[in-house]
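Engineer: Sending over a structure as structure tokens; questions will come in a sec.
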Amino acid sequence: MIVCKFGGTSVASAEQIKKVASIVKDEPKRKAVVVSAPGKRFGDDIKVTDLLIALAHASLQDQNAEDELNAVVDRYADIAKGLDLDGTIVNVIEQDLRGRLQENRDNPPLFMDQLKASGEDNNAKLIAAYFTSIGLDAEYVNPKEAGLIVSDEPGRARALPEAYENLAKLRENGKIVVFPGFFGYTKEGVMMTFARGGSDITGSILAAALKAELYENFTDVDSVFAANPNVVDNPAEIKRMTYREMRELSYAGFSVFHDEALMPAFQHSVPVCIKNTNNPSAPGTMIVAEREYTKSPVIGIAADDGFSTLYVSKYLMNREIGFGRRLLQILEEEEVSYEHTPSGIDDLSVIVRSHQLTPEKEERILARFRDELHVDKANVEHGFAMIVLVGEGMHNTLGLSARATAAISRVGANIEMINQGSSEVSLVFGIQAKDTDNVLRELYKEFFSKSAVLQ
Ligand SMILES: Nc1ncnc2c1ncn2[C@@H]1O[C@H](COP(=O)(O)OP(=O)(O)O)[C@@H](O)[C@H]1O
Ligand SMILES: N[C@@H](CC(=O)OP(=O)(O)O)C(=O)O
């Protein structure tokens with residue numbers, strides 16, 4: 001059995017959904033189909049998930065949210081029309097949305113999640129109706145009935161172990177299962193979404209639970225590339241990479257596959273293939289447990305901005321047992337997670353994602369560093385980016401850092417931080433965000449200029 005997930009771009013319009021149906025028809029092993037909410041049809045388009053977020057905000061602010069509601073319903077109506085479905089399904093969707101707008105209004109995180117989740121839920125119903133209309137033996141399956149149990153963390157839920165046992169029973173379903181991505185239910189039956197982009201996670205959970213021979217993740221590019229194709233011209237295609245490499249790259253900025261989607265597939269040894277809905281005969285990128293890495297020690301370079309540095313210095317910090325723990329405890333209490341902690345003998349920086357900070361929170365954290373840790377200096381700086389070189393072969397290849405730092409200096413960028421991941425499959429450089437694209441292009445030139453296809 002193959003579990004396939006179709007991302008937002010693959011289900012953004014009737015034309016795209018027809019391609020999905022033909023891909024499913026082409027291979028009888030494709031028995032479980034996870035779908036996203038309709039995504040972007042063109043560059044400036046708005047994803048249905050973002051329309052739903054706007055609808056939730058407008059409704060909560062007690063505005064008349066009819067325009068926002070219609071913007072969502074119109075997307076489904078367009079799709080239904082293009083698929084020759086009668087108006088029934090659009091009415092079902094509209095009633096569903098109106099119902100959701102009445103529930104949990106006193107609990108904004110739950111209200112937001114139930115609206116966000118409707119994007120995939122209604123699309124799955126619509127796609128199942130279309131599959132049936134063209135003679136495919138398919139049915140919509142609701143994550144609650146199927147037992148996709150998740151933790152109670154709105155907007156960032158995680159599947160609980162019992163979800164796998166419950167979902168395994170879907171193997172007995174003789175039909176093609178059309179399953180909405182992006183959300184599950186807590187033990188108490190409350191709808192909760194994964195992090196943004198989380199339909200990839202649903203696909204991986206389902207593939208693991210069903211012991212699929214393959215998890216196919218369909219998107220709008222022929223493969224994973226060695227660098228973001230929106231920044232680097234014609235980057236090399238990656239043919240084969242390991243789960244660990246993909247997770248590092250996804251986390252560091254490769255938006256093509258969610259970093260949290262690697263673990264279920266990895267733990268249950270399900271290979272993942274990233275494929276193109278618009279060109280399904282292209283082989284795509286295989287993600288597997290091991291690869292031959294002598295030819296290309298670096299497999300990809302990811303970049304992401306939006307980082308801040310919390311810096312502290314204190315004379316004799318090196319002698320103070322428990323200093324790091326106390327500092328990180330302050331961050332824990334302020335609900336800030338951290339990415340890197342480069343340190344010297346008397347100073348330490350904590351690199352965090354900037355979106356977690358507000359001016360008030362920043363001030364409070366710095367004040368606590370001064371009052372509770374008695375540091376000599378504490379400050380915060382914003383506007384950093386992290387560039388990450390990833391590859392299983394990096395740890396036994398000499399001279400990689402020297403080549404990377406030389407490339408970065410060629411474009412006149414200053415290196416603010418270097419961190420070699422303990423796993424030695426990644427090498428991270430902190431730079432100013434303004435230099436990101438130039439540095440990425442130069443590093444790409446340094447490590448990939450001669451190769452068009454990797455592994
Ligand atoms: N290294 C990379 N390789 C391939 N695609 C990438 C990479 N980095 C960023 N992307 C972007 O990821 C996009 C696909 O991801 P996403 O928008 O989440 O698709 P979907 O709608 O299928 O979920 C591609 O169109 C591409 O612009
Ligand atoms: N629709 C959700 C979940 C998702 O995975 O979407 P996509 O397949 O378009 O990345 C989001 O936009 O976050």
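Engineer: Express as a percent, rounded to the nearest 5, the fraction of DSSP beta bridges in the chain (both residues included) that run antiparallel.
Structural biologist: Antiparallel bridges: around 60 percent, rounded to the nearest 5.
Engineer: Let me ask something additional. Share of the chain's accessible area from carbon and sulfur, percent, 1.4 Å?
Structural biologist: Carbon plus sulfur share of accessible area: 48 percent.
Engineer: Find the centroid of the Cα atoms in the stretch 289-344 and in the stretch 403-438, then give the distance between the two in whole Å.
Structural biologist: Each part reduced to its Cα centre gives a spacing of 14 Å.
Engineer: In addition: State the number of lysine pairs found in the stretch 300-454 whose Cα atoms come within less than 23 Å, restricting to pairs 8 or more positions apart or on distinct chains.
Structural biologist: Details: Lys314/Lys361; Lys314/Lys377; Lys361/Lys377; Lys434/Lys445.
Counting lysine pairs in the stretch 300-454 gives 4.
Engineer: Between the stretch 157-183 and the stretch 236-271, how many Å separate their Cα centres?
Structural biologist: One Cα centre to the other: 21 Å.
Engineer: Shifting gears a bit: If you take every residue apart from Val380 with its C-beta less than 12 Å away from the C-beta of Val380, what net charge results, scoring Lys and Arg +1 and Asp and Glu -1?
Structural biologist: Value of the local net charge: 0.
Engineer: Sort 283-290, 122-129 by packing, meaning the average of other beta carbons within 10 Å per residue, with the highest value first.
Structural biologist: 122-129, 283-290
Engineer: According to the square roots a ≥ b ≥ c of the eigenvalues of the Cα gyration tensor, what is the shape class of the stretch 14-94, taking rounded for a/c under 1.5, prolate for a/b larger than b/c otherwise, and oblate for the remainder?
Structural biologist: Numbers: a/c = 2.38, a/b = 1.97, b/c = 1.21.
Since a/c reaches 1.5 and a/b is larger than b/c, the shape of the stretch 14-94 is classed as prolate.
Engineer: Within the stretch 82-152, list the GluC sites (Glu not before Pro) lying in a DSSP loop whose Cβ has at most 16 other Cβ atoms in a 10 Å radius. Display every interim value, and only then the final one.
Structural biologist: On the way: sites: Glu94, Glu103, Glu120, Glu139, Glu145; in loops: Glu103.
Answer by residue number: Glu103.
Engineer: What full-extension length gain, to one decimal in nm, is calculated for Glu188 and Gln432 as 0.36 nm per residue of separation minus the Cα-Cα distance?
Structural biologist: 83.3 nm
Engineer: Excluding Glu292 itself, what net charge comes from residues whose Cβ is under 12 Å from its Cβ, given Lys and Arg +1 and Asp and Glu -1?
Structural biologist: That sum, taken over residues with Cβ under 12 Å, equals +2.
Engineer: May I ask you to order 56-65, 109-118 by the average number of other C-beta atoms within 10 Å around their residues, highest value first? Could you put the intermediate results ahead of the total?
Structural biologist: Working: 56-65: 14.3, 109-118: 22.3.
Sorting 56-65, 109-118 by mean packing, highest first, produces 109-118, 56-65.
Engineer: May I pose another question? In deg cm²/dmol, rounded to 500, what helix-only [θ] at 222 nm does the chain give when every DSSP H run of at least 4 residues adds -39500 (n - 2.57) and the total is split over its residues? Mind dumping the intermediate values first?
Structural biologist: On the way: 14 runs with 170 residues, N = 455.
Estimated from H runs of four or more residues: -11500 deg cm²/dmol.
Engineer: From zero up to wherever the largest Cα-Cα distance of the chain sits, split into 10 Å bins and tell me the percent of pairs in each.
Structural biologist: Per 10 Å bin, starting at zero, the Cα-Cα P(r) for the chain comes out as 4, 19, 26, 26, 17, 6, 1, 0 percent.
Engineer: Related question: Given a 1.4 angstrom probe, what's the average accessible area per residue across the chain, in square angstrom?
Structural biologist: 44
Engineer: Here's another thing I want to ask about it. Treating only the Cβ of Lys, Arg, Asp and Glu as charged (+1, +1, -1, -1), what charge dipole size does the stretch 111-157 show about its Cα centre? Round to the nearest 20 debye. Walk me through the numbers on the way to the answer.
Structural biologist: Values: 4 positive and 8 negative charges, 24 e Å.
In debye, rounded to 20, the stretch 111-157 gives about 120.
The values are calculated or read from the model by the stated rules, or taken from the named source; none is laboratory data. Just so it is clear, the model here is predicted, and its values are computed rather than measured. Heads up, the Cβs are rebuilt from the backbone with ideal geometry, glycines too, and the neighbour counts pull from every protein chain shown. We work out accessible area using only protein heavy atoms, side chains counted, and drop any ligands, DNA or RNA first. Shrake-Rupley method; radii C 1.70, N 1.55, O 1.52, S 1.80 Å.
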